[in-house]
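**Student:** Before I ask anything, let me first share the structure, which is written out below as structure tokens.
The values are calculated or read from the model by the stated rules, or taken from the named source; none is laboratory data. These figures come from a predicted structure and were not determined experimentally. Cβ coordinates were reconstructed from backbone atoms using ideal geometry, including for glycine residues, and neighbour counts include every protein chain displayed. In case anyone asks, the SASA skips ligands and DNA or RNA and just uses the protein heavy atoms, side chains included. Shrake-Rupley method; radii C 1.70, N 1.55, O 1.52, S 1.80 Å.
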Amino acid sequence: LREGRDLYSELATEFYGYAVNKTLPKERGLGKQITLSCGYGAGAVSIAATSLSGSYGPPIKLAPEEALKARDLYRSTHPHVVKFWEWCDWALGALYRGEEAVHPSGAIRVKDQRIYLPNGTWIEYSGLRWATTAEIFGAEHEDGEGPSWWEPNRKGWGRTWGSHVTADICQALACVVIKTAMVKLGRMGYATKLQVHDELVMVVPDLSAGNTLLLMLGVLKTPPAWAPDIPLDAEGIVSQNYS
């Protein structure tokens, strides 16, 4: 990332067996899809459905064996991600039992059925259950599957597993990074008017817009104290409207 390499194209090159770059949106789109969705444990069926939907570029119809190849390619080239899923699988048990544990990095702490983040905020897991579908929804929903982890959500209940918890943690850490930047900028007198995912929007006088953008970029590129070696980058524009 520090070298400015295009990781999506690199993975697509491995998948297709020929050089892929941004001039090949279909192939690069699949590389982006594999990189992002497989990081959270996507399987072959999900990979095929997403590629056909065109969410990451022109739609691609993958045969079952191609989708399986994509899944296995990601997992074989990202062993540390897979290892983190395994830690999160283990952490679900610790969360359920209310035990205390710390990830080897020291940045993530499990305690009181919560995953604590480096800034002291947390993700709540107090409603976890280890159960079968029938135990959650009633005998009429018996599916023959063994027990798994379930957590309450806005729709009732949903299964969860290590790679799902990985997604929770990654999104929460990204939230910590962007909102820490918001606080820093606010203390400098620049109030964020809109936040969308990892994007901040300011409203300032025309004459100060260029300097404000440079200031924002500087803050957004500053690594947090809890991950001083993380490569952060940002880009932005000055515009008369939200575009």
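**Student:** Write out, first by first residue and then by second, each pair whose Cβ atoms fall under 6 Å of each other, whose residues are 6+ apart or on separate chains, and whose first residue, in segment 203-231, is under 15 Å from Thr180 (Cα atoms) and modelled with pLDDT of 95 or more while the second is open to solvent by less than 40 Å² (accessible area, probe 1.4 Å) and assigned to a helix (DSSP H, G or I).
**Tutor:** Val219/Ala181; Val219/Leu185; Leu220/Ala181
**Student:** Something else about it: Please indicate, with yes or no, whether at least one residue in segment 196-218 is among the polar types (S, T, N, Q), open to solvent by less than 30 Å² (accessible area, probe 1.4 Å) and farther than 26 Å from Glu151 by Cα. Before you say what the answer is, go through the steps one by one.
**Tutor:** Going through segment 196-218, the residues among the polar types (S, T, N, Q) turn out to be 208, 211-212.
Still in the list and also open to solvent by less than 30 Å² (accessible area, probe 1.4 Å): 212.
Now restrict to residues that are farther than 26 Å from Glu151 by Cα: 212.
Scanning segment 196-218 turns up at least one residue that is among the polar types (S, T, N, Q), open to solvent by less than 30 Å² (accessible area, probe 1.4 Å) and farther than 26 Å from Glu151 by Cα.
**Student:** Give the residues of segment 1-34 that are open to solvent by 90 Å² or more (accessible area, probe 1.4 Å) and closer than 13 Å to Ala70 by Cα, sorted by residue number.
**Tutor:** Pass one, segment 1-34, residues open to solvent by 90 Å² or more (accessible area, probe 1.4 Å): 1-3, 5, 14, 18, 22-23, 26.
Glu14 - this is the single residue of segment 1-34 that is open to solvent by 90 Å² or more (accessible area, probe 1.4 Å) and closer than 13 Å to Ala70 by Cα.
**Student:** Taking segment 26-56 on its own, how many of its residues are in contact (Cβ under 8 Å) with a residue 24 or more places away in the chain and touching a Pro at 6+ places or on another chain (Cβ under 8 Å)?
**Tutor:** Final tally of qualifying residues: 3.
**Student:** Still on this structure: For Ser243, work out the one condition from (1) in a loop (DSSP other than H, G, I, E, B); (2) within 28 Å of Cys88 (Cα to Cα); (3) free of Cβ contacts under 8 Å to residues at least 40 places away in the same chain it doesn't fulfil.
**Tutor:** (2)
**Student:** Just checking, how many residues over segment 39-53 are surrounded by fewer than 17 Cβ atoms within 10 Å (Cβ to Cβ) and touching a helix residue (DSSP H, G or I) at 6+ places or on another chain (Cβ under 8 Å)? Walk me through it before giving the result.
**Tutor:** Here is the first cut: in segment 39-53, the residues surrounded by fewer than 17 Cβ atoms within 10 Å (Cβ to Cβ) are 43, 45-46, 49, 52-53.
From what is left, the residues that are touching a helix residue (DSSP H, G or I) at 6+ places or on another chain (Cβ under 8 Å) are 43, 45-46.
Going through segment 39-53 one residue at a time, the tally reaches 3.
**Student:** If I filter segment 53-60 for residues that are within 26 Å of Asp168 (Cβ to Cβ) and part of a helix (DSSP H, G or I), do I get at least one hit?
**Tutor:** Looking only at segment 53-60, we keep the residues that are within 26 Å of Asp168 (Cβ to Cβ), and these are 53, 55-56.
Next cut, part of a helix (DSSP H, G or I) only: 53.
So far as segment 53-60 goes, yes, one or more of its residues are within 26 Å of Asp168 (Cβ to Cβ) and part of a helix (DSSP H, G or I).
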